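As structure tokens, the structure follows; a few thoughts come after it.
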Amino acid sequence: FNRLLLLFQYKVSYLFREFRMKKVSIFVDVQNIYYTTKQQFNCNFDYNKFWKLVTCDREVITAIAYTTNRGDPKQIQFQNILRAIGFEVKLKPFISRADGSSKGDWDVGITIDIMEYAERSDIVVLASGDGDFDILIKKIRSLYNNHTEIYGVSQLTANSLKNVTSNFYPIKDELLLK
């Protein structure tokens, strides 16, 4: 009887490990997603649909949206919508240079956060087409054996990023506000 009970406990433990909800960490490069969806489709990304898609049957460890802060009321309203959906919103000041160029880049911040959360996650989701993240995705996959999902506008997403991830999901009509 003890042997049978031990076998049963082992099988239950195995099934629990195999079929438990996967832990997901979600990171969104808001500027990249905004500009690429505008350029390709002339419309906006649907963060509500994205949230439902990437969190379905998953335990959310963290969800962070990275954007710039210009202080305009419409942008503040958008940031509050992201918070209501479930994202932590990280803001960086938008800097306009004297030569007309601007800076509001979150690459280092996103990288640090992904490295911090990858160890605690089964799945890392990144919404960005920025090829600078290819080395990061390759690194977390080798260090922590994470499953990775990249969401980006296909024609504007770096091939190096598409090639290094577990799954690339092109942003299409179902993830757009029309």
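Rule-based calculations on the coordinates, nothing more; no lab input. Treat the numbers as computed from the prediction; the structure is a model and nothing was measured. Cβ placement follows ideal geometry from the backbone for every residue including glycine, while neighbour counts extend to all protein chains displayed.
For segment 49-178, a simple Cβ point-charge model (Lys and Arg +1, Asp and Glu -1, everything else neutral) yields a dipole of about 300 debye relative to the Cα centre.
A straight line joining the Cα centroids of segment 28-83 and segment 151-172 runs 17 Å. Once both labels are positioned 7 Å from their Cα atoms along Cα-to-Cβ, the gap between Met115 and Tyr35 label points is 2.4 nm. Maximal additional length on extending the Asn145-Ile85 stretch stands at 18.8 nm, based on 0.36 nm per residue less the C-alpha distance. Along segment 160-165 the Karplus relation, 6.51 cos²θ - 1.76 cosθ + 1.60 evaluated at θ = phi - 60°, assigns HN-Hα couplings of 4, 6, 4, 6, 9, 7 Hz to successive residues, with x for each Gly and Pro. Summarising the amide proton neighbourhood of Ala63: residues at separation of 5 or more, or on other chains, whose placed amide H is nearer than 5 Å comprise Ile26, Glu88. Step through the table entries Lys23/Lys74; Lys22/Lys74; Lys38/Lys162; Lys22/Lys162; Lys52/Lys138; Lys23/Lys162, compare each Cα-Cα distance with 31 Å, and write down the pairs that go over it. From the list (Lys23/Lys74; Lys22/Lys74; Lys38/Lys162; Lys22/Lys162; Lys52/Lys138; Lys23/Lys162), the Cα-Cα distance tops 31 Å for Lys23/Lys74; Lys22/Lys74. Here the gap between Asp107 and Ile135, fully extended at 0.36 nm per residue and compared with their Cα-Cα distance, gives a gain of 8.9 nm.
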